[in-house]
Amino acid sequence: MRYSPEHKQKTREKVVQAASKVFRQQGYHAAGVDRVMEEAGLTAGAFYAHFPSKEALFSEAFTCASQEAARLNLGGLDSRSGKDWIVGFLERYLSPLHRRMVVEGCPIPALASEISRAGDGPRLAFEEAIVAQAEKLGRHLPEAGDLDRESNALAIIALCVGGLSLARAVTDEALADRILEACRALALQGQEGSAADVKNESRPDSNIVNE
């Protein structure tokens, strides 16, 4: 049976959505194509009509998951600026709710430990997600000590990802909450200024990708 291009595109999107959940839940190496297609409500044999490999699917699914997580963590913060924006971001990212939302949450902490052993495609998708997140965060940050705004953003992302990963790994919820609280407090140190206070805010030589 021949399907219309619209039908094929919708099926592809369904597979990507399913993969973005399954990979976060089970991990890249543990989750097979069969499990992804089962989640999508399709037969395993239909997979190669849409993707040449599991790596190709992962790259697209990771990008999709990153965009969904950005809407979750950044939605509604447009009215804030400077430190107020940073506080809002940290309260969402390093929260008990996000700790529990592995399947719906940011894919970076869920999959970071596996990406280094994956191929170039998945690693590139992972890298692009970090750069995009750093670019958004960097708009609202001041320089911090010897760190420029872009390096400051990357350091905060590393702290957020590591803190969330540790909080998810422990069984003691009180300890998990302490980890998140400590990381929020540390991330806010040195952020007394705001991006609006920094000269040359829109400097063209920024190391973070511009939109």
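Computed from the coordinates by the stated procedures, all read-outs in this text should not be read as laboratory data. On a predicted model such as this, the values are computed, not experimentally measured, just so you know. Virtual Cβ from ideal backbone geometry, glycine too; neighbours counted across all protein chains shown.
Compute the convex hull volume of the Cα atoms of segment 55-197, divide it by the residue count, and report the result per residue in Å³ as a whole number.
Hull volume normalised by residue count: 105 Å³.
Tilt of helix 54-74 relative to the longest C-alpha principal axis of the chain, in degrees (0 to 90, nearest 10)?
Roughly 40 degrees, rounded to the nearest 10.
If you build the Cα gyration tensor of segment 1-90 and take the root of 5 times each eigenvalue, what three semi-axes come out, in whole angstrom, biggest first?
Working from the Cα gyration tensor, I get semi-axes of 33, 16, 9 Å.
Arranged by the count of other C-beta atoms within 10 angstrom, fewest first, what order do S81, S95 take?
Final ranking by Cβ density, sparse to dense: S81, S95.
What is the spin-label model distance, in nm, from K10 to R80 if the labels are put 7 Å beyond Cα along the C-beta direction?
3.8
How far is helix 120-138 tilted off the main Cα axis of the chain, in degrees rounded to 10, range 0 to 90?
It is inclined by approximately 30 degrees.
Quick one: of K8/K136; K21/K54; K83/K136, which pairs are farther than 22 Å apart, Cα to Cα?
With Cα atoms farther than 22 Å apart: K8/K136.
Toward the positive end of the charge dipole of the chain, about the Cα centre and with charges on Cβ (Lys, Arg +1; Asp, Glu -1), which of A185, Q17, I156 goes farthest?
Sorting the options by dipole projection puts first Q17.
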